[in-house]
Every structure is written in structure tokens, then in C-alpha cells.
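Heads up: the structure comes next, in C-alpha cells.
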Amino acid sequence: MTRTDGRPQAALVLLCAAVFLDSMDLSLMGVALPAIGRDLSLPASTLQWLMSGYAVAYGGFLLLGGRIADLFGRRRVFLLSLAVFAAASLAGGLLSDGWPLVVTRVVKGVAAAHTAPAALSLITTTFAEGPRRNRALGVYALAGATGYTAGLIASGLLTEISWRLVFFLPVPIALLVLAVAPLALPRGPQPPKAREGFDAAGAVAVTGGVLLLVFALTVKNWPAGVMAALLLGAFVAIQRRRPAPLVPLEVFRSGTVGAANLAALAWACATIGWQFVAVLYLQQELDHTALATGLGIVPMGVAIVVTANLAGRLISRWGLGRVAAAGLLVQGAGILLFLRAGDTGDYVTTLLPALVVHGVGNGLSFPSLNIAAVAGLPDERQGLASGLVTSAVQIGAGIGVVVLAAVMTLGGSTSAGYRIAFLTASGFSLLGALIAALGLRLRRPVPAPFLKETS
């Protein structure tokens, strides 16, 4: 347990502010893209990379970011990466050329890939495993969900004034966190042998593999997908042979890590893929404005906030597997309720119940999966475990968006395409529920050799 200095509750607020920023940045660009394109005369291909560049870099560097946090100090990595995030945000708001703007988004993605696992592992090493950690991780998951919803709303409001405010918005928040964090975050012990035995070959293979995988999913580049599979296969081979691997494969047999990551991947396929389709549905099929769409999603965010606050207590009483599976099933039910909307769905009687039910399921499942992904592991591997589950979510998001965008073209009409997409998203939720129910029932002990590793 590492709580040598700093105040745990203040630290939790600051760490949640950082994940709020990361999540908000995922949704801030969506509404602003048309205005950016008009103002800077950018083609659609460049505009796409304002979204994709962040996602590719974020997903590709997460696992490496988690390991770097373990090796070089979570507090140090958190502060440095957050400073880079703020600087890139400021630069993006000042630039007026397309590809330099894209570069700032890529830099922000890399920075977020180091901030997120460092923040999550700081929480898991600050709060003891059990009810206190469960509550803290519930608040952390809540901050991420709230950030995404806030990004949708803020993007619509700020773009009405100037799209540059979308880039500037994260800067004061990041600077405030940087100013207060040194006083509140625990320093923790100096990482043992921080710069010795680093698995460079494994780091290159997994980072390149995940980058290419997210890139292939984002732009549907199948040769890149083949190269990603080869690199990831090489990574597994390297990990089997290295005496001090980047990712000890035993971690997936420890506690609930393996099942939690698979369920988190299915969760992201369902909920992020659904969000992509739902925003298009509300704007293109039901003719809602971008601002009305963002405001319409607010009740879902409120449902997530309320439910995530209860998740820790429910997990303590009913267990990770039951709560996660129930949440995924409820989330899937909320997605299925969108099938009632048709071409002219009434918001109050049709869309609002679907959004609230989806939010309840989301608020139950996401905290449960985050807790399961780091449960039972030693402090030395908390950054790695945090990077793994966040990577699973990012890769799942890419898969979900690509799959749902593809199945939308299968219907004989636009409405039929949306229906197929919603059914597919609910299928991902059901798959995640099955994985959670079967894989998170028991907490298996961590193997002794793994506990002794790198201690």
C-alpha cells in the first residue's frame, strides 16, 4: 500500500480530472469538424485524421505507457504526460494548417496513453483492494463517462463561437491539475531497477502491432491488419522467451485479468459503436441539430453518474461477475429500445427511456470491468494492468465503429441499416455479459512465481 504523502481524496479528484480530459477529447472533435473544414478549407481525409490520429496514437501507446509508468514512476509519468497534453492542446488552437493540426492530435493521443494508465495505477496503489478501491474506481469510471458526454455538449456550444475553443478548453483544466497535483499525489517508493532489463523488442512489437491494428480498423486498411497480426504474434513469441518480459503472460492467468479484458473489449464494441451510430441516427434520420444531440444525451450521462456511484456497493455485495454481467445485459436492453424509434421517434416516450436504461447498464458494467482488470495483481504490475484494460477498450471501440458502420450498409433502407446496427451492438453487449458471467465468477489466486517477479 503506497500512501506515504498526499491526501487520497484530493488525489482521486485530480486523477479523475485527467481521465475526464482524455475522455472529453475523444468527443470534442466530432461536432467541430465541419466548422474546421470550412474555415481551413481542409478535405475530408484530413478531417478524419483529426479524429483518427488521436485514437490511433492513444490505442497504440497505452500498453507501453502503462509499463513506463511502472518502471519510471507513476507520479512522474502522469505529470510529464499531462504537461505534454496541455501544450499540444494549446498549439492546436493556434495553428491554421491541416497536417500540423493533425500532429497535435497525435501528440495528445500519445500523452493520453501515458496519462490514463498512470492515473488508474495511482488509484489502485493509493486505495487498498476492497470496498474503498471499488468506490474509487467507480468514481474514476464515472469521470470518464461524464467527460465523454461533456465533450459532446461543449463541442456544440463552443463551435457556435469558434472551433478553436474546442482545442483551448482542455488547457486551463490541465494546468490546474498540474498546479495542485504535486501537493496531493503520493510520491510512492522509487521504482526498483527502473532502467534495467527493459524489454525493448517486446515494446516495439506490441506498440507497432497495436498501432497498425487500430489504424487498420480506423481506415479499413487490411494489409496493415495483416502486418499487425504478424507483429502481435512476434510479440507473444518474444514474451515467452524473455527473462524480464514487458507483459508476463502469466498476468492473463492471474485473478480476473484475462476475462475482464475480453469483456471490456466487447463492452467497448457495444457502447462506443452504438454511440457512433446513435449520433448519426439522431442527426441524419431524426434531423436533430448537433447541439440538440449533445443535450439529448445528457440524461444518459446522469444515469451513468448515479449508477456508477452505487456500483462499488453492489460489487461488494454481489461480486464482480454478477454486477458486470447484469450491467452489460441492461446496456444491451437500452440499445434494443432504440429499435422502437423508427423514422420519427419521439424523444420523451421512446429515446429518453432507451438512453436512461443504456446509462444504467453502462454505469454498472464499466466500473466492474475496471476493478476486475487490476484485481489480485501486485503494485508493480498495476500500471501494466491499467494499460491492458484501457487498450482493450480502445481496440474494442475501433472494432465496434468499423463493424457497425459496415452492417449499416446491409439494410434495404437507411432505417433498416440502423436497425441492423443496433441489433449488432446489443449482440456485443450479450457477448460481454457471457464472458463476465463465466470468467469473473471466481477470483483465482495469483501464482507465486508471478508475485515474486520484479519485486
Q | Selection count, the range 410-420, where residues are open to solvent by 20 Å² or more (accessible area, probe 1.4 Å) and either among the aromatic types (Phe, Trp, Tyr) or within 15 Å of Gly273 (Cα to Cα) (or both) | A | 2
Q | Search result, residues across the range 253-279 that are within 30 Å of Ala385 (Cα to Cα) and open to solvent by 10 Å² or more (accessible area, probe 1.4 Å) | A | Arg253, Gly258, Ala259, Asn261, Leu262, Leu265, Trp267, Ile272, Gln275, Phe276
Q. Within the set of pairs 6+ apart or on separate chains, which have a first residue in the range 421-433 that is touching a residue at least 12 places away in the same chain (Cβ under 8 Å), a second that is of a type outside the set (A, V, I, L, M) and open to solvent by less than 10 Å² (accessible area, probe 1.4 Å), and C-beta atoms under 6 Å apart?
A. Phe422/Phe338; Ala425/Gly273; Ala425/Trp274; Ser426/Gly332; Phe428/Cys269; Ser429/Gln331; Ser429/Gly332; Leu430/Gly332
Q. Does Gly130 satisfy the criteria of being at positive phi and not polar (S, T, N, Q)?
A. yes
Q.
Considering only the range 280-289, I want to know if a residue exists there that is open to solvent by less than 20 Å² (accessible area, probe 1.4 Å) and part of a helix (DSSP H, G or I).
A. yes
Q) Does Ala292 satisfy the condition of being part of a helix (DSSP H, G or I), over 22 Å from Pro34 (Cβ atoms) and of a type outside the set (S, T, N, Q)? A) no
Q: Could you pull out the residue among Pro192, Pro223 that is over 25 Å from the mean Cα position of the chain (by Cα) and either open to solvent by less than 40 Å² (accessible area, probe 1.4 Å) or at pLDDT 85 or above (or both)?
A: Pro223
Q) Taking Leu63 and the conditions (1) over 23 Å from Val374 (Cβ atoms); (2) buried (at least 24 other Cβ atoms within 10 Å of the Cβ); (3) of a type outside the set (Gly, Ala, Ser), which numbered condition does it fall short on, given that it satisfies the others? A) (1)
Q: Could you list all residues from the range 131-162 that are open to solvent by less than 10 Å² (accessible area, probe 1.4 Å) and among the hydrophobic types (A, V, I, L, M, F, W, C)?
A: Ala136, Leu137, Ala141
Q | First in the range 222-246 and touching a residue at least 12 places away in the same chain (Cβ under 8 Å), second anywhere and outside any helix (DSSP H, G or I) and surrounded by 14 or more Cβ atoms within 10 Å (Cβ to Cβ), Cβ under 7 Å, 6 or more apart | A | Gln239/Pro245; Gln239/Leu246; Gln239/Val247; Arg242/Asp199; Ala244/Asp199; Ala244/Thr454; Pro245/Asp199; Leu246/Asp199
Q.
So, Ile420, is that one over 30 Å from Gln283 (Cα atoms), of a type outside the set (Asp, Glu) and at pLDDT 85 or above or not?
A. no
Q: State whether one or more residues within the range 120-130 are within 17 Å of Ala18 (Cα to Cα), open to solvent by 20 Å² or more (accessible area, probe 1.4 Å), part of a helix (DSSP H, G or I) and not small (Gly, Ala, Ser).
A: no
Q) Restricted to the range 315-333, and to residues that are open to solvent by 60 Å² or more (accessible area, probe 1.4 Å) and over 15 Å from Gly359 (Cβ atoms), which residue is modelled with the highest pLDDT? A) Arg322
**Q.** Count of residues meeting criterion [more than 17 Å from the chain's Cα centre (by Cα) and either modelled with pLDDT under 85 or open to solvent by 10 Å² or more (accessible area, probe 1.4 Å) (or both)] in the range 334-381
**A.** 26
Q: Could you tell me which residue of the range 264-287 is farthest from Leu329 (Cα to Cα), considering only residues that are among the hydrophobic types (A, V, I, L, M, F, W, C) and in contact with a Ser or Thr (Cβ under 8 Å, 6 or more places away or on another chain)?
A: Leu286
Q. So which of Gly363, Gly359, Gly376 is closer than 19 Å to Ala436 by Cα, touching a residue at least 60 places away in the same chain (Cβ under 8 Å) and part of a loop (DSSP other than H, G, I, E, B)?
A. Gly376
Q: Specify which of the listed residues (Leu423, Leu430, Leu438) is open to solvent by 40 Å² or more (accessible area, probe 1.4 Å), part of a helix (DSSP H, G or I) and within 12 Å of Leu262 (Cβ to Cβ).
A: Leu438
Q) Out of the range 31-60, which residues are open to solvent by less than 40 Å² (accessible area, probe 1.4 Å) and among the small types (Gly, Ala, Ser)? A) Ala32, Ala35, Gly37, Ser52, Gly53, Ala55, Ala57, Gly59, Gly60
Q.
Tell me yes or no: at least one residue of the range 304-316 is touching a residue at least 24 places away in the same chain (Cβ under 8 Å) and within 28 Å of Ser413 (Cβ to Cβ).
A. no
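The values are calculated or read from the model by the stated rules, or taken from the named source; none is laboratory data. Predicted model only: the values in this text are computed from it and were never measured. Cβ coordinates were reconstructed from backbone atoms using ideal geometry, including for glycine residues, and neighbour counts include every protein chain displayed. In case anyone asks, the SASA skips ligands and DNA or RNA and just uses the protein heavy atoms, side chains included. Shrake-Rupley method; radii C 1.70, N 1.55, O 1.52, S 1.80 Å.
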